[in-house]
Amino acid sequence: MTVGLTYIDVAVALPVYNTYTYAVPESLSPFAVTGKRVLVPFGRRRVTGYILDISGKTDLKKIKLILDVLDDKPLFPSSMIPFFMWIAEYYIHPVGEVIKCALPGGLNIYDYITISISKKGKKTLEKNLTTVVEKEVLTLLKEGSFRLKDLGRKMKKEIPSALLYSMQDRGWIISKRELGGGGTRLLMERYVSLNTPYPSCERLSVPRKKIIDILKSESDISVKKLKTQVPSSPRLIKPLEKAGYISIFEKRAYRDPFGDAIEADESLQLTTEQETAIAKVADCLGKGYATYLLAGVTGSGKTEVYMQLAAKAIKKGCCVLVLIPEIALISQMERRFRARFGECVAVLHSGLSAGERYDQWMRIARKEVTIAIGARSAVFSPFSDIGLIIVDEEHDTSYKQEGSLRYNARDLAVVRAKLNNAIALLGSATPSVQSYYNVKAEKFIELNLKNRVEKRPLPKIKVVDLRESRDKRGFRRFITPELYEGMKQALDHGEQVLLFLNRRGFANFPVCGTCGEAVRCKNCDISLTLHQKSNAYKCHYCGFTMASVSSCQACGSNKIIQLGLGTEKVEAAVAGLFPDARIKRMDRDTTTRKGSIVKLLKGLRNGDIDILVGTQMVTKGHDFPNITLVGIICADLSLNFPDFRAGERTFQLLAQVAGRAGRGDIPGRVILQTYNPNHFSIIAARDQDFKAFYKTEIGFRKALNYPPFSRMIQLKISGKNKEKTRQHAQTLGDLCRTVQVSNQSFLKSVEILGPIEASIPRIARRYRWQILLKGLGVKPLHEFIRRVLLKNNVHFNNRYIKVVVDVDPFFMM
């Protein structure tokens with residue numbers, strides 16, 4: 001240990017579970033602050049790390065020095081470090097990668113190896129003194145240097161490391177480490193200001209005099225803004241600076257993700273139920289942690305409750321975080337909050353560019369805003385004094401992240417509120433079984449909004465049995481007479497119609513009319529879906545496409561029968577039935593372009609759309625007063641999934657989409673078409689009775705010991721070789737059972753299901769197996785998986801097989 005050095009605890013952005021101690025050179029010591037990034041040596045590499053702690057001493061002897069401090073201001077407050085540590089512990093994920101996941105993308109600096117050909121290598125190639133593979137490598141490197149990982153991709157084969165080491169030893173190739181990444185940076189903009197005093201303006205040209213006159217009334221102005229008034233100003237400002245009239249300098253600018261300006265609004269008149277809910281939560285603001293579940297029927301005014309509570313939190317000096325499940329909903333919520341609170345609102349979601357996201361993040365970190373609105377990743381917003389966290393549509397499965405860090409943003413919102421002594425407010429018309437169970441267990445406090453605002457009635461729901469139209473042909477199988485008449489009546493009255501089908505494309509089950517074989521994806525064990533607008537068959541799992549004129553892969557016949565149903569087929573059928581109606585479709589195919597969602601919603605709000613056909617994107621939180629009829633084409637699509645939450649998801653989808661009807665002055669109607677009219681999820685959705693659904697569902701969960709009565713961890717095993725993947729899954733299953741029998745408490749507290757092949761055995765050319773671990777409590781289950789994972793890491797991932805640990809899994813397929 002060297003006396004006088006500063007020592008820091010660093011989490012590196014790599015898949016390693018420990019944190020590491022580094023020394024800070026005296027020259028960098030004033031800049032080393034918790035929450036900043038540092039460039040550190042790690043083995044033979046240089047990587048980004050995050051400062052978690054600072055101390056003046058350490059017992060360690062050999063300590064490496066950091067290479068640089070990468071930020072002028074901390075990217076996150078020190079109060080967030082316990083939050084990051086909790087996530088790493090609970091989700092069994094390296095803390096450095098947790099922080100990397102939380103931060104805006106494109107910040108981290110890393111090094112990589114590049115390979116290039118040497119002069120000796122070129123001569124060797126000319127003399128033809130190489131093997132076939134060596135010749136391929138050297139020929140490719142003559143085009144230029146390549147990253148090590150890109151070299152194999154370019155050659156379309158795996159290059160043995162031993163071969164490259166041998167070629168390097170013989171002096172044929174040169175490998176060197178270079179720094180990359182860190183592409184997201186501050187946006188700087190040029191500004192000009194008037195010098196005082198400045199020379200006489202008598203001999204200046206008219207445009208130059210105009211620039212001086214503008215600057216007399218402005219303390220400084222951006223060159224971009226100046227150009228709108230004096231188009232030639234960009235080429236005139238340099239000579240003016242040289243002559244001593246003005247100064248040119250750079251100022252930080254923010255990339256604007258908002259778009260149109262919004263007119264201010266005021267608080268709305270509250271119902272008695274809204275006043276009661278607001279009073280209960282407001283009374284606890286600033287007094288410690290509590291989680292409330294706001295169960296309010298669709299159209300009951302939950303958003304107004306959120307905004308009024310946000311205003312009360314801000315008055316008490318607290319910041320507010322609002323989570324929304326879908327990017328499609330953020331523009332609507334952001335508009336309402338900006339209309340009420342002005343420019344103190346930031347937005348965070350993956351739809352922003354890397355630069356926009358970074359700017360919004362830094363506005364929060366620099367305490368320039370008090371409200372942040374965003375999708376699941378916004379739960380990491382760098383507020384230091386958070387007082388209220390709102391989770392809208394808390395039941396939505398979109399809050400579960402399926403990337404490298406598989407977190408649930410709703411659960412993390414509750415954890416963050418607890419760590420910060422803040423209030424968590426979860427809102428939904430169809431609460432999750434888990435959250436309502438927490439109400440019953442007195443962990444959460446229930447608030448109710450049982451009535452719509454302005455005493456509007458809930459829509460009347462009529463169930464239509466599709467079994468009666470099973471033998472009909474064409475569109476009559478899914479557009480029943482009841483639905484057709486309802487649509488005709490609504491359109492005749494100038495009202496809007498919403499048709500819901502949770503499946504995109506034209507036909508989801510194309511089969512050969514000659515041999516009966518399905519048209520399948522070449523990378524996945526799943527049939528392709530015909531997308532008529534794209535003239536292609538598409539796989540919704542890996543993205544593989546095939547021309548719509550393709551023949552049967554089994555027998556070569558071109559007689560492909562398009563079975564199944566999707567939003568495209570519904571749109572086409574409706575266009576035939578109502579040729580004068582203005583019809584739009586809202587699904588992933590029509591909303592990929594930036595701004596396309598906002599354009600669709602604007603058209604609906606302005607009355608430019610008569611019929612909207614959509615997937616589950618249309619079910620969530622949208623408020624369109626002129627939609628008076630909702631038609632649910634087939635209510636059963638999610639009911640038969642091999643997932644214990646299938647009934648819950650079906651009920652939530654149906655109740656939510658039904659809630660889009662009748663939100664204006666005209667009462668709404670819903671026509672719900674189903675093959676299972678007597679299923680309890682369908683009946684509960686028809687009656688709009690969440691508690692009746694919960695009572696039945698919780699009984700099934702208890703009998704089968706599924707969450708919330710147990711906790712689960714899923715091990716997802718995948719690999720490109722079918723037999724190696726199966727063997728690895730079996731080995732891992734044996735290892736789990738060995739660990740289980742080695743400890744008497746695990747025999748009682750942990751249940752092992754599998755290994756078993758996944759419901760979809762192959763996706764994106766990777767064969768898939770899974771093991772499900774169930775336990776009555778969190779601690780024994782986590783202790784078990786750590787013992788399996790950390791003490792037997794060699795049995796987990798290798799270069800051929802990937803194993804993912806998914807804590808509290810949502811998607812069991």
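How large, in percent, is the carbon and sulfur part of the accessible surface of the chain at a probe radius of 1.4 Å?
The computed percentage sits at 50.
Please say if the chain is rounded, prolate or oblate, where rounded means a/c under 1.5 for a ≥ b ≥ c the square roots of the C-alpha gyration tensor eigenvalues, and otherwise the choice is prolate for a/b larger than b/c and oblate otherwise?
rounded
Can you compute the FRET efficiency between Glu485 and Phe641 using 1/(1 + (r/R0)^6), with r the Cβ-Cβ distance and R0 = 41 Å? Round to the nearest 0.05.
Efficiency for this residue pair is about 0.80.
For Thr21 and Arg582, calculate 0.36 nm times their separation in residues minus their Cα-Cα distance, and state this gained length in nm to one decimal.
Answer, rounded to one decimal: 195.6 nm.
Could you tell me which trypsin sites (Lys or Arg not before Pro) in the range 323-379 are loop residues by DSSP with no more than 15 other beta carbons within 10 angstrom of their beta carbon?
Counting only loop positions with at most 15 other Cβ atoms within 10 Å, the trypsin sites (Lys or Arg not before Pro) in the range 323-379 are Arg366, Lys367.
How high is the FRET efficiency between Lys602 and Lys156 when r is their beta carbon distance and R₀ equals 56 Å, given to the nearest 0.05?
Here the calculated transfer efficiency is 0.75.
Note down the relative contact order for the range 116-182 as a percent, whole number, built from C-alpha pairs under 8 angstrom at least six residues apart.
49
Mean separation of Cα pairs under 8 Å and 6+ residues apart, divided by the residue count of the range 461-620: what relative contact order is that in percent?
Computed over the range 461-620, the figure is 25 percent.
Per residue of the range 378-394, in order, report the coupling 6.51 cos²θ - 1.76 cosθ + 1.60 (Karplus, θ = phi - 60°) as ³J(HN,Hα) in whole Hz, putting x for Gly and Pro.
5, 4, 8, 3, x, 6, 9, 10, 6, x, 9, 10, 9, 10, 7, 6, 4
Run the numbers for Glu126 and Lys702: contour at 0.36 nm per residue of separation, minus the present Cα-Cα distance, in nm.
Gain on stretching Glu126 to Lys702: 199.9 nm.
Given a 1.4 angstrom probe, what's the average accessible area per residue across the chain, in square angstrom?
47
When DSSP assigns beta bridges and you keep just the ones with both residues in the chain, what percent turn out antiparallel, to the nearest 5?
Antiparallel bridges make up about 60 percent of those DSSP assigns within the chain.
Enumerate by residue number the trypsin sites (Lys or Arg not before Pro) in the range 727-803 meeting two conditions: DSSP loop (anything except H, G, I, E, B), and at most 14 other Cβ atoms within 10 Å of the site's Cβ.
Sites meeting the loop and neighbour criteria: Arg765, Lys791, Arg799.
Between Gln744 and Glu218, with labels modelled 7 Å along Cα→Cβ, what's the label distance in nm to one decimal, could you check?
In this crude label model, Gln744 to Glu218 measures out at 8.0 nm.
Pop out the ³J(HN,Hα) list for the range 188-205 in order, Karplus 6.51 cos²θ - 1.76 cosθ + 1.60 with θ = phi - 60°, rounded to Hz; leave Gly and Pro as x.
Listing the rounded values in order: 10, 10, 6, 10, 10, 9, 7, 6, 10, x, 10, x, 5, 9, 4, 8, 6, 5 Hz.
What Cys residues in the chain have no fellow cysteine's beta-carbon under 4.7 angstrom?
So far as the 4.7 Å Cβ criterion goes, Cys101, Cys201, Cys284, Cys318, Cys319, Cys344, Cys542, Cys634, Cys736 stand without a partner in the chain.
Between Thr139 and Ser29, what is the label-to-label distance in nm when each label sits 7 Å out along the Cα-to-Cβ direction?
Going by the 7 Å Cα→Cβ label model, 5.9 nm.
So which GluC sites (Glu not before Pro) in the range 63-162 pass both tests, a DSSP loop state and at most 11 other Cβ atoms within 10 Å of the Cβ?
Of the GluC sites (Glu not before Pro), the ones in loops of the range 63-162 whose Cβ has at most 11 other Cβ atoms within 10 Å are Glu143, Glu158.
Taking 0.36 nm per intervening residue step and subtracting the Cα-Cα distance, what contour gain separates Asp283 from Asp465 on full extension?
Residue separation times 0.36 nm, minus the Cα-Cα distance, leaves 60.6 nm.
Go ahead and run the numbers for FRET between Lys455 and Lys559, Cβ-Cβ distance against an R0 of 41 Å, rounding to 0.05.
The calculated FRET efficiency here is 0.10.
Let me have the relative contact order for the range 1-92, percent, based on Cα pairs under 8 Å that are six or more residues apart.
33
The values are calculated or read from the model by the stated rules, or taken from the named source; none is laboratory data. These figures come from a predicted structure and were not determined experimentally. Cβ sites come from the backbone with ideal geometry, for glycine too, and all protein chains shown count toward neighbours. Ligands, DNA and RNA are stripped out before the accessible areas are found, and what is left, the full protein with its side chains, is counted by its heavy atoms. Shrake-Rupley method; radii C 1.70, N 1.55, O 1.52, S 1.80 Å.
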